[in-house]
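Quick notes on the structure that follows.
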Amino acid sequence: MTPLSTSFSVLSNPAVIGLGIGAALSDIRNTFKSLDSMIGHSYTGGPLFRIAAYELSELGILGAELAFNRDHCLDALYFQFEKVQYPYLLEYLRNAFTWVSQRDSLQSNFIAIFSHGPIEITLDPQRPGSSCFLSYTSQAFKHAREAYSAAINKDDLLPCTS
């Protein structure tokens, strides 16, 4: 299988195809005709959308999910790739971005976290199946997700009453 060399420019800067963090929902709707609304809201109070694979397949991307803030600006972007591309993606990301950390996943690969200015980039092979995810998140989205997770974990730690 060939590495995703044609999509490396997109991986380093999703704005190349109109998916930069902070992009307006209206602009993305004009670019991606398959934009499909998902049920629910993002951690920052905005809508969730999915882009069909056929609009991204020439880049080797199997699909994308987008989370917007309440002002309808892109706050988080999740690209889906075939898991066999993980080593190529990891090597590319190591050369393109600042390495922040890694943690073990349930499988043989690890979750790698990078930064590019205020944007956090995460390569996550942990999902079951034959795909991995590459996400881009704003600081506001990251903090809202962490606050939500902390609140959930706090509730889980409440003492049992019987």
Q: Go through the stretch 49-77 and give me each residue that's touching a helix residue (DSSP H, G or I) at 6+ places or on another chain (Cβ under 7 Å) and either loosely packed, with under 15 Cβ neighbours inside 10 Å or more than 28 Å from Tyr88 (Cβ to Cβ) (or both).
A: Phe68, Asn69, His72
(Q) Taking the conditions exactly as written (outside any strand (DSSP E or B), of a type in the set (D, E, K, R) and either at pLDDT below 90 or under 15 Å from the mean Cα position of the chain (by Cα) (or both)), does Arg29 satisfy them or not? (A) no
Q | Given (1) modelled with pLDDT of 95 or more; (2) surrounded by 14 or more Cβ atoms within 10 Å (Cβ to Cβ), index of the condition Gly20 fails | A | (1)
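Quick check, is Gly46 surrounded by 21 or more Cβ atoms within 10 Å (Cβ to Cβ), closer than 23 Å to His116 by Cβ and either under 17 Å from the mean Cα position of the chain (by Cα) or at pLDDT 95 or above (or both)? Walk me through it before giving the result.
Numbers: surrounded by 21 or more Cβ atoms within 10 Å (Cβ to Cβ): yes; closer than 23 Å to His116 by Cβ: yes; either under 17 Å from the mean Cα position of the chain (by Cα) or at pLDDT 95 or above (or both): yes.
Taking the combined requirement at face value, the residue satisfies it.
On the given criteria, is Phe68 modelled with pLDDT of 95 or more and outside any loop (DSSP other than H, G, I, E, B)? Spell out how you get there, then give the answer.
Values: modelled with pLDDT of 95 or more: yes; outside any loop (DSSP other than H, G, I, E, B): yes.
Here the answer is yes, as Phe68 does meet what is asked.
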Q.
If Ile28 satisfies all but one of (1) over 16 Å from Ser131 (Cα atoms); (2) open to solvent by 40 Å² or more (accessible area, probe 1.4 Å); (3) not polar (S, T, N, Q), what's the number of the condition it fails?
A. (2)
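The values are calculated or read from the model by the stated rules, or taken from the named source; none is laboratory data. None of the values given here were measured: they were computed from a predicted structure. When we count neighbours, we look across all protein chains shown, and the Cβ atoms used for this are built from the backbone with ideal geometry, even at glycine. Quick note on the areas: whole protein, heavy atoms, side chains included, nothing else; ligands and nucleic acids left out. Shrake-Rupley method; radii C 1.70, N 1.55, O 1.52, S 1.80 Å.
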